[in-house]
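The values are calculated or read from the model by the stated rules, or taken from the named source; none is laboratory data. All of these numbers come straight from a predicted model, not from anything done at the bench. Note that we place each Cβ from the backbone using ideal geometry, even for glycine, and neighbour counts take in every protein chain shown.
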Amino acid sequence: MQRSRCDLLLCYGVIATTLVAAGYAFVRDVCERAKEAECSSGLLGSRFLIEAYRQEHNGRYPMRLDELDWRFAHDARGGCPKAKGQFPEGEGWRSYLYIPPRDDAPDDTPILLCWRHSRLMLITKGGEFKKMR
Ligand SMILES: [Zn+2]
């Protein structure tokens with residue numbers, strides 16, 4: 001009789017451990033999705049700044065991101081949430097990798113990237129936002 005009671009407690013323990021592990025994985029996944037959403041918002045905001053720069057410079061892309069006017073791009077200024085604390089306040093945009101495209105580069109050429117997530121997130125020369133595995 002004592003043995004079956006121990007087996008029952010062990011069974012409850014295994015079930016409880018499994019539920020806690022599944023809950024932890026779920027919460028971790030939700031947190032990662034929230035960080036991806038915040039980061040994609042920053043990338044898209046940066047894209048608009050790049051386009052504004054191009055309109056003022058005869059279609060030319062900036063050579064560096066610090067040529068852009070970040071004062072009013074609140075979403076983009078924060079940069080990637082996974083890089084918080086690595087850059088000065090208001091300069092989180094430095095967490096993105098920017099590659100100025102050549103004039104003859106195709107529209108699907110990546111120009112702005114974040115690699116800090118499970119999926120690579122990028123903006124193409126044509127302005128498209130993509131998530132890649
Ligand atoms: Zn990011």
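Here are a few things to note about the model shown:
- Test result for LYS35, of a type in the set (D, E, K, R), within 12 Å of the ligand (Cβ to nearest atom), within 11 Å of the chain's Cα centre (by Cα) and over 15 Å from LYS130 (Cβ atoms): yes
- Among the residues of segment 37-82, those that are assigned to a helix (DSSP H, G or I), touching a residue at least 24 places away in the same chain (Cβ under 8 Å) and aliphatic (A, V, I, L, M) comprise LEU43, LEU44, LEU49, ILE50, LEU65, ALA76.
- For PRO81, the conditions (1) closer than 18 Å to GLY45 by Cβ; (2) under 10 Å from the mean Cα position of the chain (by Cα); (3) exposed (fewer than 14 other Cβ atoms within 10 Å of the Cβ) are fulfilled apart from (3).
- Per-region count, segment 107-133, residues in contact with a helix residue (DSSP H, G or I) (Cβ under 9 Å, 6 or more places away or on another chain) and in a strand (DSSP E or B): 9
- Residue in segment 82-92 that is within 15 Å of CYS114 (Cβ to Cβ), touching a strand residue (DSSP E or B) at 6+ places or on another chain (Cβ under 6 Å) and within 16 Å of the ligand (Cβ to nearest atom) present: no
- Whether a residue is closer than 19 Å to GLU36 by Cβ and surrounded by 15 or more Cβ atoms within 10 Å (Cβ to Cβ) was assessed, and PRO110 passes this test.
Residue-wise test of (1) hydrophobic (A, V, I, L, M, F, W, C); (2) within 15 Å of the ligand (Cβ to nearest atom); (3) over 19 Å from LEU68 (Cβ atoms); (4) modelled with pLDDT under 95.
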site: LEU97; (1), (2), (3), (4): yes, yes, no, no
site: PRO101; (1), (2), (3), (4): no, no, no, no
site: PRO106; (1), (2), (3), (4): no, no, yes, no
site: PRO110; (1), (2), (3), (4): no, yes, no, no
site: ARG119; (1), (2), (3), (4): no, yes, yes, yes
site: LYS130; (1), (2), (3), (4): no, yes, yes, no
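- Here PHE87 meets each of (1) surrounded by 10 or more Cβ atoms within 10 Å (Cβ to Cβ); (2) part of a helix (DSSP H, G or I) with one exception, condition (2).
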